[in-house]
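Novice: So that we are looking at the same thing, I have put the structure below in structure tokens.
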Number of protein chains: 2
Amino acid sequence: MKKMSDKQGLSPDAVIDRLKAKGISATRQRVQIAELLFAKPQHLSADQVLERVNREDSTASKATIYNTLNLFARKGLVREVIVDPSKVFYDSNTSEHHHVYNLDSGVLTDIEFTSINMAELPPLPTGTTPVTVDLIIRVRESS
Amino acid sequence: MKKMSDKQGLSPDAVIDRLKAKGISATRQRVQIAELLFAKPQHLSADQVLERVNREDSTASKATIYNTLNLFARKGLVREVIVDPSKVFYDSNTSEHHHVYNLDSGVLTDIEFTSINMAELPPLPTGTTPVTVDLIIRVRESS
DNA sequence: CAGGTAATCTGGACTTATTCCAAAACCTTC
DNA sequence: GAAGGTTTTGGAATAAGTCCAGATTACCTG
């Protein structure tokens, strides 16, 4: 019988299909990174991805982690969330949603918030088309 | 008669008052940076501020530029706009508004967009209060 | 106005995330 | 199994931002 991923995510084959569907050839490193990301909706930094991928026996280099995350972001498999100049997260939840960033704890949370939709954007500068719409609400603990 | 700033902005005294109103002591360097920023609504990076301030005869060090911009941002004199991990802008327009960032040209533009207001935010995680609400629409030239 | 204390500024070293690079490893396909 | 393109790799390079300890300045009090 087929072995499923140990982290309740997609099976390796499903991950490979998802990469191929976007025209990304499924190398060992890319599949590993994708399996990690797609296991569940989550926010990971490049560092965290590097650390977790390299916990397993076969590893990936720092350069590959960056290449791959950028590739995935460009292809829309993952969403880059820029929270802090030195805190970029990769969000494996690709459905439309926005973010709450807790400045005290560093925790990033998704929020459903339909009152902004791509369809009804304000007038943009002429000759430009929207690529992403990112709403980030920064909060503090209200002690 | 009183000499006005050469860049159609606030007079030096008005700048000093604005700093003092926020409890910031008006040192030479801070006044210089504030005069530059408050001359008109604009988006400048730390680098640009450094470069422009040091164009004049009396200068400020890199460390001071960073200290001062962070101080101004904390005090609400200026708004930090994080557009790209390595592109932080300081926006001297402190009224409520949002941003359009052109990925091709690197130009950041303000937009008035009242359909999101601090008053009607979605439910935030319990025990947190909003600090900033930032909407950034990233666009490309629609060649 | 002089002296003292706290706040601020400074240059340069340091840190840290990310990118760059040229060589090695790896797939395909014939 | 050799050719040719694509990926990966380790390590060097880059660049924004922070840190630090000493020098300077601002500010208060008498």
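The values are calculated or read from the model by the stated rules, or taken from the named source; none is laboratory data. Keep in mind that what you see is a predicted model, and the values were worked out from it rather than measured. Please note: Cβ atoms are built from the backbone with ideal geometry, for glycine as well, and neighbour counts cover all protein chains shown. Quick note on the areas: whole protein, heavy atoms, side chains included, nothing else; ligands and nucleic acids left out. Shrake-Rupley method; radii C 1.70, N 1.55, O 1.52, S 1.80 Å.
Novice: Take A:PRO130 and decide whether it is part of a loop (DSSP other than H, G, I, E, B), within 12 Å of chain B (Cβ to nearest Cβ) and not β-branched (Val, Ile, Thr).
Specialist: No; evaluated as a whole, the condition is false for this residue.
Novice: Can you pull out every residue in the stretch A:43-69 that is open to solvent by less than 20 Å² (accessible area, probe 1.4 Å) and within 17 Å of A:THR94 (Cα to Cα)?
Specialist: A:LEU44, A:THR68, A:LEU69
Novice: Tell me whether the stretch B:103-113 contains one or more residues that are over 30 Å from B:GLY23 (Cα atoms), charged (D, E, K, R) and part of a loop (DSSP other than H, G, I, E, B).
Specialist: Yes - at least one qualifying residue is present in the stretch B:103-113.
Novice: Is it fair to say A:PHE89 is part of a strand (DSSP E or B) and more than 10 Å from chain B (Cβ to nearest Cβ)?
Specialist: Against the criterion (part of a strand (DSSP E or B) and more than 10 Å from chain B (Cβ to nearest Cβ)), A:PHE89 qualifies.
Novice: Another question about this same structure. Of the residues that sit in the stretch B:70-116 and are open to solvent by less than 20 Å² (accessible area, probe 1.4 Å) and among the aromatic types (Phe, Trp, Tyr), which one is nearest to the chain's Cα centre (by Cα)?
Specialist: Only one residue fits best here, namely B:TYR90.
Novice: Residues in the stretch A:18-49 that are in a helix (DSSP H, G or I) and either without any contact (Cβ under 8 Å) to a residue 12 or more places away in the chain or within 9 Å of DNA strand C (Cβ to nearest atom) (or both): how many?
Specialist: Qualifying residue count, the stretch A:18-49: 6.
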